[in-house]
1. Out of everything in the range 56-90 that is assigned to a strand (DSSP E or B) and farther than 16 Å from residue 34 by Cβ, what residue ends up being modelled with the lowest pLDDT?
2. Looking at the structure I just gave you, is residue 14 surrounded by 15 or more Cβ atoms within 10 Å (Cβ to Cβ) and at pLDDT below 95?
3. Yes or no: residue 34 surrounded by fewer than 14 Cβ atoms within 10 Å (Cβ to Cβ), at pLDDT 95 or above, over 12 Å from residue 88 (Cα atoms) and in contact with a strand residue (DSSP E or B) (Cβ under 9 Å, 6 or more places away or on another chain)?
4. Can you tell me which residues in the range 68-114 are touching a helix residue (DSSP H, G or I) at 6+ places or on another chain (Cβ under 7 Å), over 11 Å from residue 14 (Cβ atoms) and surrounded by fewer than 20 Cβ atoms within 10 Å (Cβ to Cβ)?
5. Kindly indicate whether any position in the range 100-111 is at pLDDT 70 or above and under 14 Å from residue 24 (Cα atoms).
């Protein structure tokens, strides 16, 4: 496996019920990332979480939440991630301003487009 170099991981924490006009926020983020030419995006669904409100969201059968946590991950060059931040900010504001985004340096060890 060969190392391909440094990249940025943009990780966005939102709720399943977060919406922008016309669609779920996570779908809007994926589409915007694709339109921006980002290398790739993955949406992960969590089983339990809480955030600033301290309200627990869970997938446990007796306390089934309708707002499970989602994590949207985007990995690309530092420049492309930086260029995408204003787009993300606009989407998060359109959805009501909630959520959390983090960014960290990662090392890409393999990337093989199909």
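The values are calculated or read from the model by the stated rules, or taken from the named source; none is laboratory data. As the structure is a computational prediction, the values presented were derived from the model and not from experiment. Note: ideal-geometry Cβ built from the backbone for every residue, glycine included; neighbour counts use all protein chains shown.
1. Narrowing the range 56-90 to residues assigned to a strand (DSSP E or B): 57-58, 69-76.
When the remaining residues are screened for being farther than 16 Å from residue 34 by Cβ, the result is 57-58, 69-71.
Values: 57: 58, 58: 63, 69: 86, 70: 92, 71: 95.
Ranking the qualifying residues of the range 56-90, first place goes to 57.
2. Working: surrounded by 15 or more Cβ atoms within 10 Å (Cβ to Cβ): yes; at pLDDT below 95: yes.
Yes.
3. Numbers: surrounded by fewer than 14 Cβ atoms within 10 Å (Cβ to Cβ): yes; at pLDDT 95 or above: yes; over 12 Å from residue 88 (Cα atoms): yes; in contact with a strand residue (DSSP E or B) (Cβ under 9 Å, 6 or more places away or on another chain): yes.
Yes, satisfied.
4. If the condition is that a residue be touching a helix residue (DSSP H, G or I) at 6+ places or on another chain (Cβ under 7 Å), over 11 Å from residue 14 (Cβ atoms) and surrounded by fewer than 20 Cβ atoms within 10 Å (Cβ to Cβ), then 87, 103 are the ones that fit.
5. Filtering the range 100-111 for residues at pLDDT 70 or above gives 100-110.
Narrowing further to those that are under 14 Å from residue 24 (Cα atoms): none.
Scanning the range 100-111 turns up no residue that is at pLDDT 70 or above and under 14 Å from residue 24 (Cα atoms).
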